[in-house]
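First the structure, in the form of structure tokens, and then the observations on it.
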Amino acid sequence: MHGEIINLLAERCRVVSNNTRETLPREEVLRRTESADALMVFMPDRVDELFLKSCPRLKIISGALKGYDNFDVVACTRHNVWFTIVPGLLTVPTAELAMGLLISLARRMPGGDHIIRVGRLWTRFEKKLLLTLPAK
């Protein structure tokens, strides 16, 4: 999470966060959350019956993700734990990435990138091929 969000939350509660870019091992997540009231999860995380039994104080799990395949919602309900997700979280960024990739392919950017990275000069044919869209 971004630092300003952690600071905002820290004004109201004790925040235990992962300050690395790596996913914590499940055992470490369980150790850090055994007395937690709330938990924010991401795609690599997994919540199941065993996890919920290990965190008896847990009241809400908030998922910064679109789907919930690796989260047992039925077990959360059984343990009276709310589980929330953000269904449209990645819709716009995914569409933007897809459009960028389409433009890259249409403009033949991967080929031009390769020529530049290997450090050779472009032939007249490659300049024309890589920098123009075919007319239809």
Neighbours by Cβ (under 7 Å, 6+ apart or cross-chain): first from the range 24-53, closer than 21 Å to L9 by Cβ; second loosely packed, with under 12 Cβ neighbours inside 10 Å and not aliphatic (A, V, I, L, M) | S35/R57; A36/R57; D37/R57
Among the residues of the range 1-16, which ones are at pLDDT 90 or above and over 17 Å from V41 (Cβ atoms)?
-> E4, N7, L8, A10, E11, R12, R14
Of those in the range 8-53 that are among the small types (G, A, S) and not in a loop (DSSP other than H, G, I, E, B), the residue surrounded by the fewest Cβ atoms within 10 Å (Cβ to Cβ) is A10
Please enumerate the residues belonging to the range 85-97 that are of a type outside the set (D, E, K, R) and surrounded by 10 or more Cβ atoms within 10 Å (Cβ to Cβ).
-> I85, V86, P87, L89, L90, T91, T94, A95, L97
Tabulated pairs, the range 2-15, first under 17 Å from T33 (Cα atoms), second assigned to a loop (DSSP other than H, G, I, E, B), C-beta under 6 angstrom, 6+ apart or interchain = I6/V15; I6/S17; L9/V15
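The values are calculated or read from the model by the stated rules, or taken from the named source; none is laboratory data. Nothing here was measured: the structure is a model prediction, and the numbers come from that model. We place every Cβ from the backbone using ideal geometry, glycine too, and count neighbours over all the protein chains shown.
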